[in-house]
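Below is one structure, written out as structure tokens, with a few remarks after it.
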């Protein structure tokens, strides 16, 4: 089993920023810390996006891998 992406200390830190000092938090799946922030703030809606890269043949493989990590 792999390590969860969010640990208890990160949850405490985020909730502390929003003055939620006494809360029970349950993750039904393996979520990221940004998902917790979205739930606490509420009202955020994600819109699907399409990234188009021009002249992709002019960059190196390493630069392409960096771009891939940025959009995930």
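The table below lists the values:
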| read-out | value |
| --- | --- |
| Residue tally, condition at pLDDT below 90 and within 17 Å of the chain's Cα centre (by Cα), over region 2-25 | 6 |
| Every residue from region 1-26 that is surrounded by 10 or more Cβ atoms within 10 Å (Cβ to Cβ) and within 26 Å of residue 68 (Cβ to Cβ) | 4, 5, 6, 7, 10 |
| All positions within region 40-60 that are surrounded by fewer than 12 Cβ atoms within 10 Å (Cβ to Cβ) and within 21 Å of the chain's Cα centre (by Cα) | 41, 42, 43, 44, 45, 46, 47, 48, 49, 50, 51 |
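The values are calculated or read from the model by the stated rules, or taken from the named source; none is laboratory data. Just so it is clear, the model here is predicted, and its values are computed rather than measured. Cβ coordinates were reconstructed from backbone atoms using ideal geometry, including for glycine residues, and neighbour counts include every protein chain displayed.
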